[in-house]
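For reference, the structure discussed in these notes is given below.
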Amino acid sequence: ADDFTIVSKKVSLVSSTTAIISWTTDLKTTAVLNYNLAHYNVNDNKIDATDNATDQAVTLNNLKPGENYLYAITAKNGTAEKTEIISNFSLPEDVSLRKTRPSLATSFSMSPVFKNLLTSALKVDFFMSKMSDIGLLLPNP
C-alpha cells in the first residue's frame with residue numbers, strides 16, 4: 001500500500017528569475033526536484049523537497065530571464081518511486097535589463113512659454129553671431 005499518485009502540480013512565476021514548483025501527492029512522500037534549461041540535462045540541478053509531506057514546494061532562484069526550463073519530480077513512499085517529467089516553462093524577459101535610451105523629446109517636458117523664450121533667445125544669438133561674422137556689429141567700447 002505504498003503506491004501513491006501525484007495529484008496536482010503547479011509552476012508559479014514569481015519574477016523573471018524566480019519560479020516556485022509545487023505539487024501534491026495523495027500520500028506522504030519524500031521528493032527530489034531536478035531542473036535545468038530545456039536544452040540541457042535535467043539531472044544537472046537537484047533540490048531536495050520536504051520529507052514526508054503531501055504538499056511540497058521548491059523555489060528556484062537565479063534563473064535566466066526569457067529562458068525555457070524543464071523539470072522532473074521524483075517522489076518516494078516506502079518501496080514505490082515515481083518520476084514525473086513536466087513540460088517546460090518559460091520565464092518572462094526581464095524588461096529592466098533592456099538598454100534603451102529615451103529620446104530627447106520624451107526625456108523632459110517644457111512649458112510653452114519657456115520654449116518660446118528659449119527659441120527666441122536662440123534666434124537672437126544666431127542673428128548676433130551672423131552679424132558679427134559679416135562685420136556689421138561694432139565692438140563694445
Note to self: with every protein chain in place and a 1.4 Å probe, region 14-59 gives an accessible area per residue in Å² of 51
With all protein chains in place and a 1.4 Å probe, Ile86 shows an accessible area in Å² (nearest 10) of 20
Quick numbers on region 38-86, Rg and Dmax over C-alpha atoms in Å, give 12.6, 39
Output for region 12-68: chymotrypsin sites (Phe, Trp or Tyr not before Pro) sitting in coil per DSSP, at most 13 other Cβ within 10 Å, listed by number, reads Tyr40
Taking 0.36 nm per residue of separation between Leu37 and Thr59 and subtracting their Cα-Cα distance, the length gained on full extension comes to 6.4 nm
Heavy-atom accessible area of Asp26, protein chains in place, probe 1.4 angstrom, given in Å² to nearest 10, is 80
If the chain between Leu13 and Thr50 were fully extended at 0.36 nm per residue, the gain over the current Cα-Cα distance would be 11.3 nm
Using the Kirkwood radius over Cα pairs of region 1-49, the Stokes-Einstein translational diffusion coefficient at 25 °C and 0.890 mPa s, in µm²/s and rounded to a whole number, is 195
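The values are calculated or read from the model by the stated rules, or taken from the named source; none is laboratory data. Just so it is clear, the model here is predicted, and its values are computed rather than measured. Please note: Cβ atoms are built from the backbone with ideal geometry, for glycine as well, and neighbour counts cover all protein chains shown. Side chains included, ligands, DNA and RNA excluded: accessible areas come from the protein's heavy atoms. Shrake-Rupley method; radii C 1.70, N 1.55, O 1.52, S 1.80 Å.
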